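**Student:** Pasting a structure here, questions to come.
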Amino acid sequence: MAPMPELDHLLANNRAWATRMEQAHPGFFQALAAQQRPQYLWIGCADSRVPANEIIGLPPGEVFVHRNVANLVVHSDLNCLAVLDFAVNVLRVKEIIVCGHYGCGGVSAALAPSEGRVVDHWIRHVRDIAKFYKDQIELETTPDAQSRRLCELNVAVQVVHVRESPVLQSGRAGEIRVHGWIYDVGDGLLRDLTPMVDEVRALEPSCRLRA
Ligand code: CO
């Protein structure tokens with residue numbers, strides 16, 4: 001089927017990019033075609049301003065990526081669980097990064113009345129976090145600060161979900177580190193949320209398997 005003419009510029013961009021890559025790194029695509037061996041799994045928001053590879057300066061082949069609205073790891077989301085299983089047990093990544101971002105539309109929506117769209121059902125998971133951490137969020141006095149706080153808490157909770165997923169509970173758990181980061185679309189910088197993740201881990205209702 002002929003491409004839609006209005007997307008010709010994207011295909012032209014692609015040809016130029018592939019040419020540049022091959023000139024800078026002869027054999028790059030052939031080597032990638034043979035196998036992928038990424039060291040990192042990135043779980044991030046689908047937001048167009050947070051492109052995983054680009055903001056951590058990694059070329060194709062270096063990071064396995066799963067993105068959805070508001071970077072959620074939902075216990076019953078077969079899509080995310082399959083990504084986790086494949087990344088951990090086939091690609092054998094050792095570092096998993098859950099990355100949220102300030103100004104997340106999905107997170108802000110969780111602090112506003114529901115509009116009843118399909119995406120609001122997905123955001124319901126963030127709404128549950130907002131309810132559970134209501135006291136902490138209400139320490140912030142402006143809607144913007146409350147949203148930022150919920151963005152951070154959401155990352156921390158999703159890190160706990162990764163750690164408690166069946167994939168991480170079996171086999172390689174001891175070898176894998178799970179990191180919680182947040183990206184600021186306003187300055188392009190990532191921040192490590194490890195201290196908050198530890199705080200939240202202590203508070204979250206645990207669903208750990210019995211030893
Ligand atoms: Co977002």
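The values are calculated or read from the model by the stated rules, or taken from the named source; none is laboratory data. Everything numeric in this text was worked out from a predicted model, so none of it was measured. All Cβ positions, glycine included, derive from the backbone under ideal geometry; neighbour counts span all protein chains shown. The area values use the complete protein model at the heavy-atom level, side chains included, leaving out ligands, DNA and RNA. Shrake-Rupley method; radii C 1.70, N 1.55, O 1.52, S 1.80 Å.
**Student:** I need every pair where a residue in region 122-141 that is in contact (Cβ under 8 Å) with a residue 60 or more places away in the chain has its Cβ under 7 Å from the Cβ of a residue that is part of a helix (DSSP H, G or I) and open to solvent by 70 Å² or more (accessible area, probe 1.4 Å), sequence separation at least 6 or different chains.
**Tutor:** Nothing qualifies.
**Student:** Turning to a different aspect of this structure: Is there a residue in region 124-138 that is crowded, with 19+ Cβ neighbours inside 10 Å, closer than 27 Å to Gly188 by Cα and of a type in the set (Gly, Ala, Ser)?
**Tutor:** yes
**Student:** As an exercise: evaluate Glu22 against (1) among the acidic types (Asp, Glu); (2) over 22 Å from Gln158 (Cβ atoms); (3) open to solvent by less than 20 Å² (accessible area, probe 1.4 Å) and give the number of the one condition it does not meet.
**Tutor:** All conditions are met except number (3).
**Student:** Tell me yes or no: at least one residue of region 149-169 is over 20 Å from Val74 (Cα atoms) and either modelled with pLDDT under 95 or among the small types (Gly, Ala, Ser) (or both).
**Tutor:** no
**Student:** Going by the conditions given, is Asp135 within 16 Å of the ligand (Cβ to nearest atom), outside any loop (DSSP other than H, G, I, E, B) and of a type in the set (Asp, Glu)? Before you say what the answer is, go through the steps one by one.
**Tutor:** Details: within 16 Å of the ligand (Cβ to nearest atom): no; outside any loop (DSSP other than H, G, I, E, B): yes; of a type in the set (Asp, Glu): yes.
When the stated conditions are applied, Asp135 does not pass them.
**Student:** Hey, another quick one. Of the residues Val83, Val74, Val65, which single one is open to solvent by 30 Å² or more (accessible area, probe 1.4 Å), within 16 Å of Gln158 (Cβ to Cβ) and under 13 Å from the mean Cα position of the chain (by Cα)?
**Tutor:** Values: Val83 fails: open to solvent by 30 Å² or more (accessible area, probe 1.4 Å); Val74 fails: open to solvent by 30 Å² or more (accessible area, probe 1.4 Å).
Going through Val83, Val74, Val65 in turn, just one is open to solvent by 30 Å² or more (accessible area, probe 1.4 Å), within 16 Å of Gln158 (Cβ to Cβ) and under 13 Å from the mean Cα position of the chain (by Cα): Val65.
**Student:** Take Val119 and tell me if it is aliphatic (A, V, I, L, M) and open to solvent by 50 Å² or more (accessible area, probe 1.4 Å).
**Tutor:** Details: aliphatic (A, V, I, L, M): yes; open to solvent by 50 Å² or more (accessible area, probe 1.4 Å): yes.
Yes; evaluated as a whole, the condition is true for this residue.
**Student:** Six or more apart or on different chains, Cβ atoms under 6 Å: show the pairs whose first residue is in region 31-53 and over 23 Å from His161 (Cβ atoms) and whose second is away from the ligand (no atom under 16 Å from the Cβ).
**Tutor:** Listed pairs, sorted by first residue: Leu32/Gly61; Gln36/Gly61; Asn53/Val63.
**Student:** Right, here's the next one. Does region 153-163 contain at least one residue that is more than 15 Å from the ligand (Cβ to nearest atom), basic (Lys, Arg) and surrounded by 14 or more Cβ atoms within 10 Å (Cβ to Cβ)?
**Tutor:** The answer is yes, given that some residue of region 153-163 is more than 15 Å from the ligand (Cβ to nearest atom), basic (Lys, Arg) and surrounded by 14 or more Cβ atoms within 10 Å (Cβ to Cβ).
**Student:** Residues in region 106-113: is at least one under 24 Å from Pro205 (Cβ atoms), outside any helix (DSSP H, G or I), within 16 Å of the ligand (Cβ to nearest atom) and small (Gly, Ala, Ser)?
**Tutor:** Checking region 106-113: at least one residue is under 24 Å from Pro205 (Cβ atoms), outside any helix (DSSP H, G or I), within 16 Å of the ligand (Cβ to nearest atom) and small (Gly, Ala, Ser).
**Student:** Does any residue in region 6-19 that is open to solvent by less than 90 Å² (accessible area, probe 1.4 Å) come within less than 8 Å, Cβ to Cβ, of a residue that is part of a helix (DSSP H, G or I) six or more places away or on a different chain, and which pairs are these?
**Tutor:** Taking only residues 6 or more apart or on different chains, the pairs are Ala18/Phe29.
**Student:** Going through region 87-109 one residue at a time, which ones are of a type outside the set (S, T, N, Q), over 14 Å from Trp181 (Cβ atoms) and touching a residue at least 12 places away in the same chain (Cβ under 8 Å)? Break it down stepwise before answering.
**Tutor:** Of the residues in region 87-109, the ones of a type outside the set (S, T, N, Q) are 87-88, 90-107, 109.
Imposing the further condition that a residue be over 14 Å from Trp181 (Cβ atoms) reduces the set to 87-88, 90-94, 103, 105-107, 109.
Passing the criteria: Ala87, Val88, Leu91, Arg92, Val93, Lys94, Gly103, Gly105, Gly106, Val107, Ala109.
**Student:** Taking helices (runs of 4 or more DSSP H) that do not extend beyond region 1-78, which have at least 1 residues that are among the small types (Gly, Ala, Ser) and within 16 Å of the ligand (Cβ to nearest atom)? Even if it seems obvious, please write down each step before you answer.
**Tutor:** Numbers: elements: 8-24, 28-34, 52-55.
Fully inside region 1-78 and qualifying: 52-55.
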